[in-house]
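J.: Just passing along the structure, written as structure tokens.
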Amino acid sequence: MEVVPRKPFRELEAFHPFNNMDSKRRDMERIWDHMTCEHHPVKHLVAEWLPAVELSETNDCLIIKAELPSMKEKDIDVSLRGDVLTIKGEKRQEKREDKEKEHYHYSETYYGSFQRSFSLPVGVKADSIEAHFDKGVLKITLPKTEEAKEKETKIKVK
């Protein structure tokens, strides 16, 4: 039997659990960049663009606001079918004349078509719906039907 000398305590390496996390993060970024490159089939799934939307309610109406930066009114379509409101559109990329001179190091801007559909929580007057587009925000006002409006009923306490 062979005797293996024991290392003194001071020669043991200290354990630092986060020492190699930075290299692991870089590895993950490299993998992600490879998956999202232009020729990769997953690119269209990763780069899907959906506008941020708020749906709020008052006593008289529903209000939907959608953030549609750098879009134009002609590229937005709003429709109501039954109790489902749909917003469709296309965010188009600007045409650049000096594209060869411009090199992007990073871009988080997405372009393309989108569609958002919402089931409305109450009945609305379809013929009174209004939509306004101003400074990149689409605001849709949907007046409630009389049946959908909250009515307060006083109840006598005995």
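The values are calculated or read from the model by the stated rules, or taken from the named source; none is laboratory data. What you see is a predicted model, and the numbers here were worked out from it, not measured in a lab. Reconstructed Cβ throughout: ideal geometry from the backbone, glycine too, with neighbour counts over all protein chains shown.
J.: Would you call residue 143 under 23 Å from residue 81 (Cβ atoms) and either aliphatic (A, V, I, L, M) or not in a strand (DSSP E or B) (or both)? Working first, answer last.
T.: Working: under 23 Å from residue 81 (Cβ atoms): yes; either aliphatic (A, V, I, L, M) or not in a strand (DSSP E or B) (or both): no.
Judged against the criteria, residue 143 is not a match.
J.: Next question. In the stretch 48-64, what residues are touching a residue at least 40 places away in the same chain (Cβ under 8 Å) and outside any loop (DSSP other than H, G, I, E, B)?
T.: Residues satisfying the conditions are 53, 55, 57, 61, 62, 63, 64.
J.: Which of the following residues is under 26 Å from the mean Cα position of the chain (by Cα), among the charged types (D, E, K, R) and loosely packed, with under 12 Cβ neighbours inside 10 Å: 127, 134, 75?
T.: Criteria check complete, one pass: 134.
J.: Could you say whether any residue in the stretch 85-92 is surrounded by fewer than 12 Cβ atoms within 10 Å (Cβ to Cβ) and not basic (Lys, Arg)? Reasoning before the result, please.
T.: We begin by selecting, within the stretch 85-92, every residue surrounded by fewer than 12 Cβ atoms within 10 Å (Cβ to Cβ); these are none.
No, the stretch 85-92 contains no residue that is surrounded by fewer than 12 Cβ atoms within 10 Å (Cβ to Cβ) and not basic (Lys, Arg).
J.: If I go through the stretch 65-119 residue by residue, how many of them are assigned to a loop (DSSP other than H, G, I, E, B), charged (D, E, K, R) and either out of contact with any Gly (no Cβ under 8 Å at 6 or more places or on another chain) or outside the structural domain of residue 135 (by TED's automatic domain parsing) (or both)? It would help to see each step written out before you state the result.
T.: Initial filter on the stretch 65-119 (assigned to a loop (DSSP other than H, G, I, E, B)): 68-72, 82-83, 92-98, 102-111.
Keeping just the survivors that are charged (D, E, K, R) gives 72, 83, 92, 94-98, 102, 108.
Applying the additional criterion that residues be either out of contact with any Gly (no Cβ under 8 Å at 6 or more places or on another chain) or outside the structural domain of residue 135 (by TED's automatic domain parsing) (or both) yields 72, 92, 94-98, 102, 108.
Matching residues across the stretch 65-119 total 9.
J.: Looking at the stretch 101-118, is at least one residue more than 30 Å from residue 32 (Cα to Cα) and at pLDDT 95 or above?
T.: No, the stretch 101-118 contains no residue that is more than 30 Å from residue 32 (Cα to Cα) and at pLDDT 95 or above.
J.: Right, here's the next one. Restricting to the stretch 103-135, give me the number of residues that are at negative phi and touching a residue at least 24 places away in the same chain (Cβ under 8 Å).
T.: 18
J.: Within the stretch 37-45, can one find any residue that is at pLDDT 70 or above and surrounded by 10 or more Cβ atoms within 10 Å (Cβ to Cβ)?
T.: No: zero hits.
J.: Out of the residues in the stretch 99-124 that are hydroxyl-bearing (Ser, Thr, Tyr) and surrounded by 10 or more Cβ atoms within 10 Å (Cβ to Cβ), state the one that is nearest to residue 62 (Cα to Cα).
T.: Among those residues, the one meeting the criterion is 117.
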